[in-house]
Every structure is written in structure tokens, then in C-alpha cells.
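The values are calculated or read from the model by the stated rules, or taken from the named source; none is laboratory data. Fair warning: this is a prediction, and the values are worked out from it, not measured in the lab. For neighbour counting, all protein chains shown are included, and Cβ atoms are generated from backbone atoms with ideal geometry for every residue, glycine included.
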Amino acid sequence: MATRAEFLERIRREVRRTPGLFPASAAERPPRPAEARAAVRRQMAERWPEALERFRQEFERVNGLFHRAAGLEEVAGVIRDLAREKDAHELITWASAELGLDLRGSLESQGLSIVAAPADGRDDARGRYREAAARAPIGVTGADFALAETGTLILLSGPGRPHSTSLLPDTHVAIFGKDRLLETLEQVGIMLEALHLDAARSMSGSVVSFITGPSRTADIELTLTRGVHGPKEVHAIFVEAR
């Protein structure tokens, strides 16, 4: 059996094998969050194509699966094909108002059963949704932000957008447009800080999820297993016009 010192040294040795992608440093909280948010929006209005390409590269680097759709009307077709590939007959989604589209009209006619999250937050409705989430093979969400430098999807939970949608199904599908793209973690901090200015949205749920690829769990031998604490697959659908 390894001693404590040997155990810790082995961890240090393995960590040194994979250096960080960029140096870490603390960022100051913006003194005027609304102005900082507006500045980020102006920057991304020009730089979103480069940010999207960086997101795609980093997302695929962590085994994410990237799709493009010209408009919202094509999103249902991408999800339908994915469900057929997996022989899935049921999926769960955020509430249509939170997702930005209603998939039931186009997918239920294709033989898929759609369970949308309740928007009112009643305990009985939430319980039924959690039961559906536990058995559904596919969960469909939006993305509040898409972080280019690490290929990370960032989701805020809240009414109509429960954490279980992205956590429990084996396959998570996130839909986003160019207005969600950010280049750096510093920009993410600015946008989250600015949310406190809106009382209706200010961290209305209990969870902010940073999702970088499928769920991974490693034992002491650093053997990776997918899907133990979350989805085995993560798909991102970028909608060019929405």
C-alpha cells in the first residue's frame, strides 16, 4: 500500500503531465456591470464568427458533438435524426418559452413523446417531470452562454429550465445562437454579475452549470468512465438565425 507522501506525489506527477490551456488569475468584479455587459455585447457582435469556430474546436476536443442549423425550423430535424440513431422514443425539454421553440408539433408527429418542463413550479408537476427525466434518453435545453476558450456550455437553472434536463438523460442536446457566444471566462463573470441587475432573472434557480463535454469520472489509476454523474454524450446545435 502506498504511503500518503507517495500517493500525493503520484497525483502531482499526473497533473504535471497535462498543463493548463491558459494561466489562471483572479478578475475584479465590474464596478458598473451594465456598462461592462454592453461592452461585451459590442465586442461579440463583431467577433462571434471567430468565437464560434474556437468553440467548435474546443467542444470537439472534449468529445462534444457539434451541429449547425440555418434556422429554428431545422433544429427539430437534427434532434429527430439523433433520436432515430439512438432508437429513442421519448425526450424531455425545457419549457418552450425558455427553449425558444416548441418541439412537440414537429416531433410528436414523428412518433416521439415530448415532456416539457413545467413553467409554474408546482411540486406535483415537478415530480412528474423528474420521473420523466430519469427515464428519458435525451434531454434538450438552451444555453445561456457558450464559452469559446474551453468549449463550455453554461446553463442557469430556474422555472421551466430544471437542472435535471441536462443531468439525467444519457444524451444532452443544447441549442444556442450567436448572441450566447463569449470568448473568455472573464466575460462570463461579467455577464453573470450583470444578471443581478434583473430581479426577475437574478440567479432564479439553485444551479449554474458549466458543462465541458460528456460526464467523466476517473479512478486513482486515471481510467476515465463516461456517464457516471451525467450524460454520456453532449451535442450542441448552433442556430445561425433565430
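Tabulated data for the structure shown
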item: Number of positions in the range 52-73 that are exposed (fewer than 15 other Cβ atoms within 10 Å of the Cβ) and either closer than 18 Å to Arg180 by Cβ or among the acidic types (Asp, Glu) (or both); result: 7
item: Yes/no for Leu153 being among the aliphatic types (A, V, I, L, M) and assigned to a helix (DSSP H, G or I); result: no
item: Pairs, first on the phi < 0 side of the Ramachandran plot and touching a residue at least 40 places away in the same chain (Cβ under 8 Å) in the range 88-104, second surrounded by fewer than 16 Cβ atoms within 10 Å (Cβ to Cβ) and among the polar types (S, T, N, Q), C-beta under 9 Å, six or more apart; result: Glu90/Ser113; Leu91/Ser113
item: Among (1) loosely packed, with under 12 Cβ neighbours inside 10 Å; (2) more than 20 Å from the chain's Cα centre (by Cα) - the single one Pro49 does not satisfy; result: (2)
item: Pair list, Cβ under 9 Å, 6 or more apart: the range 50-76 residue at positive phi, other residue surrounded by 18 or more Cβ atoms within 10 Å (Cβ to Cβ); result: Asn63/Gly213; Asn63/Pro214; Asn63/Glu233; Asn63/Val234
item: Test for Gly105: is it surrounded by fewer than 16 Cβ atoms within 10 Å (Cβ to Cβ) and either within 24 Å of Gly177 (Cβ to Cβ) or modelled with pLDDT of 95 or more (or both); result: yes
item: Scope the range 1-33; condition loosely packed, with under 11 Cβ neighbours inside 10 Å and of a type in the set (A, V, I, L, M); matching residues; result: Met1, Ala2, Ala5, Val15, Leu21, Ala24, Ala26
item: Residue tally, condition assigned to a helix (DSSP H, G or I), within 24 Å of Leu65 (Cβ to Cβ) and out of contact with any Ser or Thr (no Cβ under 7 Å at 6 or more places or on another chain), over the range 109-150; result: 4
item: Wholly enclosed helices (runs of 4 or more DSSP H) of the range 9-108 bearing at least 3 residues within 28 Å of Gln187 (Cβ to Cβ); result: 33-61, 72-85, 96-99
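Every residue, every condition in (1) modelled with pLDDT of 90 or more; (2) of a type in the set (Asp, Glu); (3) outside any strand (DSSP E or B); (4) buried (at least 18 other Cβ atoms within 10 Å of the Cβ), yes or no:
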| site | (1), (2), (3), (4) |
| --- | --- |
| Asp179 | yes, yes, yes, no |
| Glu186 | yes, yes, yes, no |
| Ser206 | no, no, yes, no |
| Ser209 | yes, no, no, yes |
| His229 | no, no, yes, no |
